[in-house]
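S.K.: One structure, as structure tokens, below. Some questions next.
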Amino acid sequence: HPSILIVVIALIVSFYLHQTIGKEGLPTIKHSIQQGGEAISHIITPKEEVPASPKIETQQQSEEPLEIPQSREMDTRVMNRKGYALSFNDEWLMPNWVAWRLTPERLAGKVKRTDEFTEDINLPERLRVQHRDYSRSGYDRGHMVPAADMKWDEMAMRESFYMSNICPQAPNLNKGDWKELEEACRNWAQQHNTAVCIACGPIVHTNKKSKRIGKSNKITVPDGFFKVVMKLGKQPAAVGFIF
């Protein structure tokens, strides 16, 4: 059945066709199906190495923003925050994607987590998801950019709790594999002492009618989630995940 046969796969996809994010840092990749019921988990380990590419020169210290995803076919509005960029989907009432840069310096921040979910006043009032829209829905308020990546700045921390940065996530995913991947990204930035660029967001199958939750607003429940992580530095590499 399509609702339980969500594709569970890990794609080692190198932005520069490099081998891995560092052999010492390669994770055991766990996956949970995004659904409201019990978790169906799998463990997949890559068996094939990605072939190395010719050497590509990069500017390691550049702070210029990298290319971020955008689609002509999506209803989207792109917004820049203190710590991340976001493309908001007016129909789904959640982001198409969220992208940000994580560095060892930013991870050294001491700003405390607020846990204050608030409407995004930068959106038109009709698009402002409320905290109560998730109440008793069976889904968690799932961060795309995690609060723990924004502890370097008070404004960045507050903006990570905007409801525009939130997607409905099954509790087993939000508190399990998704959280573990967030922690792995922070570990990679620290272990390799380099910037890590991350983009993630929901997967919605547009060829079928999606489930929706919400009281004052109707938020689309994703069929899954994606995350792509790119490590910079002398040996740039990337890895992609679909849950």
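S.K.: Going by the conditions given, is Gly138 modelled with pLDDT of 95 or more, on the phi > 0 side of the Ramachandran plot and not in a helix (DSSP H, G or I)?
M.R.: yes
S.K.: Output the residues belonging to the stretch 166-196 that are in contact with a Gly (Cβ under 6 Å, 6 or more places away or on another chain) and within 12 Å of Glu105 (Cα to Cα).
M.R.: Answer for the stretch 166-196, where residues must be in contact with a Gly (Cβ under 6 Å, 6 or more places away or on another chain) and within 12 Å of Glu105 (Cα to Cα): just Thr194.
S.K.: Of the numbered conditions (1) at pLDDT 95 or above; (2) assigned to a helix (DSSP H, G or I); (3) surrounded by 15 or more Cβ atoms within 10 Å (Cβ to Cβ), Met155 fails exactly one; give the number of that condition.
M.R.: Exception for Met155: condition (3).
S.K.: For the stretch 163-177, what are the residues that are under 19 Å from Lys227 (Cβ atoms) and in contact (Cβ under 8 Å) with a residue 40 or more places away in the chain?
M.R.: Ser164, Asn165, Ile166, Cys167, Pro168, Gln169, Ala170, Asn172, Leu173, Gly176, Asp177
S.K.: Tell me which residues, restricted to the stretch 112-129, are assigned to a loop (DSSP other than H, G, I, E, B), open to solvent by 40 Å² or more (accessible area, probe 1.4 Å) and either of a type in the set (Ser, Thr, Tyr) or on the phi < 0 side of the Ramachandran plot (or both).
M.R.: Passing the criteria: Lys112, Arg113, Thr114, Glu116, Phe117, Glu119, Ile121, Asn122, Pro124, Arg128.
The values are calculated or read from the model by the stated rules, or taken from the named source; none is laboratory data. The shown structure was predicted, so the numbers you read here are calculated from the model rather than taken from an experiment. Reconstructed Cβ throughout: ideal geometry from the backbone, glycine too, with neighbour counts over all protein chains shown. What goes into the accessible areas is simple: the full protein's heavy atoms, side chains included, and nothing from ligands, DNA or RNA. Shrake-Rupley method; radii C 1.70, N 1.55, O 1.52, S 1.80 Å.
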